[in-house]
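A.B. asks: Once you've had a glance at the structure underneath, I'll fire off some questions.
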Amino acid sequence: MDSTLIVNVDYFNNAHKSIDKMLKDFRFKATPRKDGGNDIAMPILPFFNKDKQLDIMLLSAKFVNGEASKMDIVALNKSFKDYYAYSNVLDANPMAIINDIYSQKGVVDLLKKHMKQGSFKSVEELGKMTNKEQVDYLFEASDALTGLPFNQHPSSKILASKRSVFDTLYHEEGHLFHHKNTILDYEDMHVVYNKQTGKPDKIGALAKGFLESKEEQFIASTVSRYAKSSPLEFVAEVYARMLNGEKFGDDVMNLYNKYKGPVLPD
C-alpha cells in the first residue's frame, strides 16, 4: 500500500477559534494602549520554557491586535497546546518538573542563593510533600528568580521544543516514514477515536500497551498532549520536533526506538 500525505486544511483555517478559547481559559488579559493596540499579560507557569513563553506573548499580542498572519496563528495554536499540556504535567506530576530543573547545572545553587532563607527544599524533602505542596514550591522557587535577567532564568526541558508553522507537515512526513518502517505493525499501533465522545473505539494490540502504561503515557506527555493518543502520534510528534532541532532525553528516544520511529533524513 502506498503512503499518502493528507493535510487537514480546516485545521489551518480554524486555528483562531482554538486560540480564542485558550486566551479565555488561561485568563490572558489584554490592556489597551494609547496607540489603539493591546499589551498582553500572561499567567506564568513555573519554569515553562522562557523562549516559548515570549513567543506566546508576542504572537498573542499580534493576534489580539488583528496583526497575526495565518502562519502566526498556526504557530501560536501549537505553542498554546504545549502551554496547556505543561499545565497538566504541573498538576499531575510536579516532581517531574522538579527533577528536571534540579538536574540542570547550577540551578540548585541559584535557588539556594535567591530563595528566602529556609525555603529551599531538597528532592528528597519535596518527594515527601503532596502534589499541591510541590506545585506551590515550584511557584515560590520560580518567583524567587524573577529578578534575574530573562536569559538567565532556568527553564524546564519538558515541552520546551520550539514550534514551527511547518510542524504539521513534519508530523505527517513522520507518519509516512514510520509507515515504511513498520508496514506490518503499523495498524497495531493505531487508535481510532470516537469524534463525539473522544474515547477510543478501536485500539491496536501495540497501542493498547502504550495507552495502559503510566510510564509511557507520562513520557509522551512531555513531548505533547497529542503524543499520548497512540504510538503513531507519539512517533510523528517526536519526529516533527527533532526536525525543528529538538534534542530529546533517553526516555523519549528509547520509546521512539521501541515503536520503530524513523531516522531523520540527511
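The values are calculated or read from the model by the stated rules, or taken from the named source; none is laboratory data. Just so we're clear, the structure is a prediction, and the values are computed from it rather than from any experiment. Positions of Cβ are backbone-derived with ideal geometry, glycine not excepted, and every protein chain shown enters the neighbour counts.
A.B. asks: If you take the residues in region 1-24 that are of a type in the set (S, T, N, Q) and surrounded by 10 or more Cβ atoms within 10 Å (Cβ to Cβ), which one is modelled with the lowest pLDDT?
C.D. replies: Ranking the qualifying residues of region 1-24, first place goes to Ser3.
A.B. asks: Could you tell me whether region 216-224 includes any residue that is surrounded by fewer than 21 Cβ atoms within 10 Å (Cβ to Cβ), out of contact with any His (no Cβ under 7 Å at 6 or more places or on another chain) and not in a helix (DSSP H, G or I)?
C.D. replies: no
A.B. asks: Of the residues Thr146, Thr168, which is under 21 Å from Ser103 (Cα atoms) and of a type in the set (Val, Ile, Thr)?
C.D. replies: After applying the criteria, what remains is Thr146.
A.B. asks: A further question on this structure: Please give the number of the condition Arg241 fails out of (1) crowded, with 21+ Cβ neighbours inside 10 Å; (2) of a type outside the set (Ser, Thr, Tyr); (3) in a helix (DSSP H, G or I); (4) at pLDDT 90 or above.
C.D. replies: Of the numbered conditions (1) crowded, with 21+ Cβ neighbours inside 10 Å; (2) of a type outside the set (Ser, Thr, Tyr); (3) in a helix (DSSP H, G or I); (4) at pLDDT 90 or above, the odd one out for Arg241 is (4).
A.B. asks: Scan region 173-215 for residues that are of a type in the set (Val, Ile, Thr) and either within 24 Å of Tyr86 (Cα to Cα) or surrounded by 15 or more Cβ atoms within 10 Å (Cβ to Cβ) (or both) and jot them down.
C.D. replies: Within region 173-215, Thr182, Val191, Thr197, Ile203 meet the criteria.
A.B. asks: Follow-up. Among the residues of region 112-142, write down those that are in a helix (DSSP H, G or I), farther than 25 Å from Glu215 by Cα and free of Cβ contacts under 8 Å to residues at least 40 places away in the same chain.
C.D. replies: Applying the first criterion (in a helix (DSSP H, G or I)) to region 112-142 yields 112-114, 123-127, 131-142.
From what is left, the residues that are farther than 25 Å from Glu215 by Cα are 112-114, 139-142.
The answer is Lys112, Lys113, His114, Glu140.
A.B. asks: Can you pull out every residue in region 185-202 that is more than 22 Å from Asn88 (Cβ to Cβ) and either in contact with a strand residue (DSSP E or B) (Cβ under 6 Å, 6 or more places away or on another chain) or part of a strand (DSSP E or B) (or both)?
C.D. replies: Passing the criteria: Val192, Asp201, Lys202.
A.B. asks: How many residues does region 130-155 hold that are surrounded by 11 or more Cβ atoms within 10 Å (Cβ to Cβ) and modelled with pLDDT of 90 or more?
C.D. replies: Total satisfying the criteria: 16.
A.B. asks: Right, something else. I'd like to verify a number: residues in region 103-154 that are farther than 24 Å from Gln53 by Cβ and polar (S, T, N, Q), how many?
C.D. replies: 3
A.B. asks: Taking Asp109 as the residue in question, decide whether it is under 16 Å from the mean Cα position of the chain (by Cα) and at pLDDT 90 or above. Write out each step before concluding.
C.D. replies: Working: under 16 Å from the mean Cα position of the chain (by Cα): no; at pLDDT 90 or above: yes.
It is false that Asp109 is under 16 Å from the mean Cα position of the chain (by Cα) and at pLDDT 90 or above.
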